[in-house]
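I'd like to ask some things about the structure below.
The values are calculated or read from the model by the stated rules, or taken from the named source; none is laboratory data. The structure displayed is predicted, hence computed values, not measured ones. With ligands, DNA and RNA removed, areas are computed over all heavy atoms of the protein, side chains included. Shrake-Rupley method; radii C 1.70, N 1.55, O 1.52, S 1.80 Å.
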Amino acid sequence: MSTRFSRHVAGCAILAVGGLAAMQAAHALETGPIDARAVWQERSLSACRSEQSSTAPDVCLLRTMQRSGARPQAIAAANMLVKANKAGFISAWRPLGKAALATVTYPFRANTNEGTLLIGSDGAAIDVDEDSVREEDRATPAWRAFAAAHPDSVPFAPADFIGSTATADGGQSVLFSTPLITCHACAEDGALLVAYTIDKAGIVRERKLLTIK
């Protein structure tokens, strides 16, 4: 399949909806054609992490990939992430019909070093962990009630892929759950359940905050 890169639901009411144009403008990356060949199995990057490295970590990453024989698609994807100030590489790939999920490894981050991109057939790659709680989400009664009870709780990436369900028009709804916690070692205060609607052509059409549980 070729595309272009750039815990549960029953009975949940839709609390907030993000339209395609606004969502892509703020949260999407654009790349050239990319598919499962963009996956790179990490070689040692310890030299890139060293304070004694003579090159910036992102430059070192790209050079290491080239020297290790990474495929051109993998290097192209990593280069686009670097340009977006998200130095990393695609470490796993999951087809979703004409769309796909790409797991991204961020080797130079201190805490969250993994994320997910939802890749549409039109070249939009949505970072599902970026701005997990958006302005339209914060305006909902459910978020205000949760924030009042847990004022210090924040989303803790990466989001978990829950699964996908078919829609009546031949598309699919892809579900993610993001834990809400007060600190790294704390128990979960709750979770955000978010759905992205993908049409039958593989284009991501909207984001919905289904519930906070």
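Accessible area per residue for the range 104-203 in Å², computed with a 1.4 Å probe and the full protein assembly in place, what is it?
Each residue of the range 104-203 exposes 43 Å² on average to a 1.4 Å probe.
Next question, about the same structure. Per residue and in cubic angstrom, what volume does the convex hull of the Cα atoms of the range 170-213 have?
Roughly 70 Å³ of hull volume per residue.
In the full protein assembly as shown, how much of residue 131 is accessible to a 1.4 Å probe, in Å² to the nearest 10?
Solvent-accessible area, nearest 10 Å²: 90 Å².
Given a 1.4 angstrom probe, I'd like the percentage of the accessible area of the range 49-198 that is carbon and sulfur, rounded to a whole number.
Roughly 49 percent of what the probe reaches on the range 49-198 is carbon or sulfur.
Here's something else I'd like to know. Determine Rg/Rh for the range 40-152; Rg is computed over alpha-carbon atoms and Rh is the Kirkwood hydrodynamic estimate from the same atoms.
That ratio is 1.08, to two decimals.
Over the range 134-191, what portion of Cα pair distances is larger than 18 Å, expressed as a whole percent?
Counting every Cα pair in the range 134-191, those more than 18 Å apart make up 47 percent.
Taking every pair of Cα atoms in the range 63-213, average 1/r, invert it to obtain the Kirkwood radius, and report Rg/Rh to two decimals.
1.00
Give me the Debye-computed log₁₀ of I(q)/I(0) at q = 0.23, 0.24 Å⁻¹ for the range 68-121, equal point scatterers on Cα only, no solvent, two decimals.
Taken in order of the listed q values, log10 I(q)/I(0) reads -0.94, -1.00.
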